[in-house]
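What follows is one structure encoded as structure tokens, with my remarks underneath.
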Amino acid sequence: SIYHYFDPRHIRSKDIILKNNKFFRARRTNLVIVNAEQVFIEYNEFVDGGIDTRNSTGIAPSSNFNIEPVRGRNQDTGELIEYERVSHIYMRNNKQIVTDKNANPRAGGFQLSHGIGPIIVEDNEMINTGVSFTTVDGVIIRNNTITNSGISAGRASNINRTDFVFGNEIYGNT
């Protein structure tokens with residue numbers, strides 16, 4: 001994208017397809033989306049995102065995938081300022097793995113930090129890692145197979161943004 005989301009000159013990154021890729025062993029995050037819409041992430045493999053490497057220690061958010069647009073608050077009014085925006089994300093039929101969760105307990109995960117729905121996470125396979133969301137609306141997490149992990153949902157209170165977590169659905173997961 002070009003310019004901030006609130007700027008009238010803003011040009012969105014959109015209509016993006018990420019398909020049949022392998023994202024492997026990044027020390028922080030294997031894939032991050034900060035400003036885009038209509039993104040299709042399908043049939044990819046995410047392995048060991050956020051792990052300690054031979055030359056560097058893994059660092060937060062330590063994930064396989066993260067949606068993390070920059071937002072802030074107007075100091076005077078408290079109004080939300082969206083420097084970046086993520087919306088209409090479809091994450092389907094992917095596989096994510098943490099190969100050694102004991103050696104890298106912080107690694108992995110599909111993290112939906114901030115965003116505006118729809119954000120669909122469906123029909124993915126997750127091994128030793130799961131999916132979480134915090135300040136997002138319109139998330140649907142459905143029909144995923146999760147082994148040795150789980151789903152963490154709607155922890156907005158830890159950053160005092162409870163007005164952004166609504167309209168989310170979780171169902172049909174194993």
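The values are calculated or read from the model by the stated rules, or taken from the named source; none is laboratory data. Computed from a predicted model, the values in this text were never measured in an experiment. As a convention, Cβ positions derive from the backbone with ideal geometry for all residues, glycine included, and neighbour counts pool all protein chains shown. Note: areas computed on protein heavy atoms with side chains; ligands, DNA, RNA excluded. Shrake-Rupley method; radii C 1.70, N 1.55, O 1.52, S 1.80 Å.
How much area per residue is accessible in the range 42-174 when the probe is 1.4 Å and only protein heavy atoms are counted (Å²)?
Numbers: 6020 Å² over 133 residues.
I get 45 Å² per residue for the range 42-174.
Given 0.36 nm per residue, what is the gain on full extension from N55 to K14 after removing their alpha carbon distance, in nm?
Working: separation 41, 0.36 × 41 = 14.76 nm, distance 3.53 nm.
Using 0.36 nm per residue and subtracting the Cα-Cα distance, I get 11.2 nm.
Could you look at the range 35-173 and say what percent of its accessible area is carbon and sulfur, using a 1.4 Å probe and all protein chains?
Details: 2680 of 6090 Å².
Result for the range 35-173: 44 percent of the exposed heavy-atom area is carbon or sulfur.
Extension gain for the segment R142 to F166, taken as residue separation times 0.36 nm less the Cα-Cα distance, is 7.0 nm to one decimal. The magnitude of the dipole of the chain, with charges of +1 and -1 set on the Cβ of Lys/Arg and Asp/Glu and taken from the Cα centre, is near 460 debye.
Viscosity 1.002 mPa s, temperature 20 °C: give me the Stokes-Einstein translational D for the range 41-174 in µm²/s, with Rh taken as the Kirkwood radius over C-alpha pairs.
Working: Rh = 15.4 Å.
It comes out at roughly 139 µm²/s.
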